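Single-structure report; data block below.
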Amino acid sequence: MKVAIIHDWLVTYAGAERVLEKMLECYPEADLFSTVDFLDDDKRFFIKGKSVNTSFIQNLPLAKKKYRSYLPLMPLAIEQFDLSTYDLVISSSHAVAKGVITSPNQLHICMCYSPIRYAWDLQHQYLKESGLNNGIKGLFAKWFLHKIRIWDLRTANSVDRFISISKFIERRINKIYRRDSVVIYPPVYVNEFESNVREDFYMTSSRMVPYKRIDLIVQTFSQRFPEKKLIVIGDGPEFEKVRAIAGKNVIIMGHQPFSVLKDHLSKAKAYIFAAEEDFGIAPLEAQASGTPVIAYAKGGALETIIGSDKENATGLFFNEQSVDSLANAITEFEASGLSIKPIDCIENAKRFSDERFVNQFKDYVDQQYLIWKEEK
């Protein structure tokens with residue numbers, strides 16, 4: 001069985017790249033393809049020394065810093081990969097990777113992190129946050145997103161099997177593509193975390209982009225709980241905005257090495273999570289550290305956190321992305337006497353381990369390949 005794995009773009013080591021890392025463990029002889037490969041030397045470890053087959057976008061002007069600007073060319077770029085010699089094609093896709101061209105003599109399985117978010121149900125949010133909801137640039141952006149929706153829907157028909165990363169994404173795949181999928185949760189490196197003696201502070205950590213709502217968390221603690229300490233780890237485009245609204249009780253640490261993040265997760269009273277995520281690894285890393293999570297009740301968090309209304313709770317939810325709603329949840333958490341047990345958080349996190357992912361993913365893909373071979 002000759003295997004090709006196609007990833008959207010290789011520029012960093014984040015959630016999708018963790019999945020890719022484990023895919024390469026399952027199929028170490030696979031060839032790797034990506035629209036671009038601009039990984040720094042210290043981030044290449046997860047592709048396990050493999051050479052990367054890249055598209056023509058790799059050599060376009062300013063592609064290293066402006067690769068996202070070439071998104072209109074990426075459907076064309078992904079279709080230029082000649083995969084005709086492979087038996088099994090696995091696309092690792094949140095944007096264009098699933099659009100590779102395959103034949104009836106090949107099995108194409110897509111690990112789908114989401115249909116292209118900014119082209120479908122999050123289009124209006126994306127345009128507003130990017131300042132593209134008006135003007136000539138906005139008109140072009142809307143036209144392009146219209147075109148990519150047509151392309152995205154058409155290429156979904158060439159995928160033989162879909163894997164979704166959560167039930168939330170399973171519903172999105174069904175809504176947009178009208179296709180069924182099997183849920184295999186992404187790998188979380190739960191064994192890398194440890195629990196410690198709790199200290200009197202809350203924390204959050206994230207890349208500071210609008211949908212993560214770090215601003216909401218900082219605003220809530222600054223305005224409603226000036227006596228409570230909040231530690232924020234991470235940086236990004238909204239860093240200065242977040243720092244500007246932070247009260248004296250909020251410590252903005254910026255980007256920190258893993259050792260610092262791990263130490264704070266192990267000691268925090270609770271972890272605050274205000275984003276609507278497709279899955280959400282950060283709340284599980286907190287739970288793997290024995291830390292309860294106060295989370296927005298949308299998206300993948302509903303599948304990875306056991307609410308306070310259930311046995312062996314690992315956190316509690318708030319229903320609106322507002323200061324009032326989050327403040328009420330923090331007050332409820334304090335009033336509960338901090339009754340959530342670290343051991344329950346840790347045991348829940350183990351359900352999403354990287355070992356579990358490797359076993360489930362390889363078993364599913366191998367099984368589907370055998371069924372497909374028998375049907376030919």
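Here Ser308 qualifies as more than 21 Å from the chain's Cα centre (by Cα), crowded, with 16+ Cβ neighbours inside 10 Å and part of a loop (DSSP other than H, G, I, E, B). Number of residues in region 80-96 that are touching a residue at least 24 places away in the same chain (Cβ under 8 Å) and more than 21 Å from Arg18 (Cα to Cα) equals 6. Each residue in region 79-92 was checked for being touching a helix residue (DSSP H, G or I) at 6+ places or on another chain (Cβ under 9 Å) and either among the hydroxyl-bearing types (Ser, Thr, Tyr) or not assigned by TED's automatic domain parsing to the domain that holds Ala30 (or both), and 2 pass. Just a yes or no: is a residue in region 182-190 without any contact (Cβ under 8 Å) to a residue 40 or more places away in the chain and either under 30 Å from Asp354 (Cα atoms) or not in a helix (DSSP H, G or I) (or both)? There is at least one residue in region 182-190 that is without any contact (Cβ under 8 Å) to a residue 40 or more places away in the chain and either under 30 Å from Asp354 (Cα atoms) or not in a helix (DSSP H, G or I) (or both). In summary, Asp366 fulfils each of the numbered conditions (1) touching a residue at least 12 places away in the same chain (Cβ under 8 Å); (2) closer than 30 Å to Ala30 by Cβ; (3) under 26 Å from the mean Cα position of the chain (by Cα) with the single exception of condition (1).
For region 230-244, the set of residues classified as crowded, with 16+ Cβ neighbours inside 10 Å and in a helix (DSSP H, G or I) consists of Phe239, Val242, listed by residue number.
Filtering Pro61, Pro75 for residues that are surrounded by fewer than 20 Cβ atoms within 10 Å (Cβ to Cβ) and in contact (Cβ under 8 Å) with a residue 60 or more places away in the chain leaves a single hit, Pro75.
Close contacts from region 139-151, counting a first residue that is touching a residue at least 12 places away in the same chain (Cβ under 8 Å) and a second that is part of a helix (DSSP H, G or I) and not small (Gly, Ala, Ser), with Cβ to Cβ under 6 Å and a gap of 6+ residues or different chains, come to Phe144/Pro72; Leu145/Gln123; Trp151/Pro75.
The values are calculated or read from the model by the stated rules, or taken from the named source; none is laboratory data. The model shown is predicted, which means the values in this text are computed figures rather than measured ones. Positions of Cβ are generated from backbone atoms using ideal geometry, with glycine treated the same way; all protein chains shown enter the neighbour counts.
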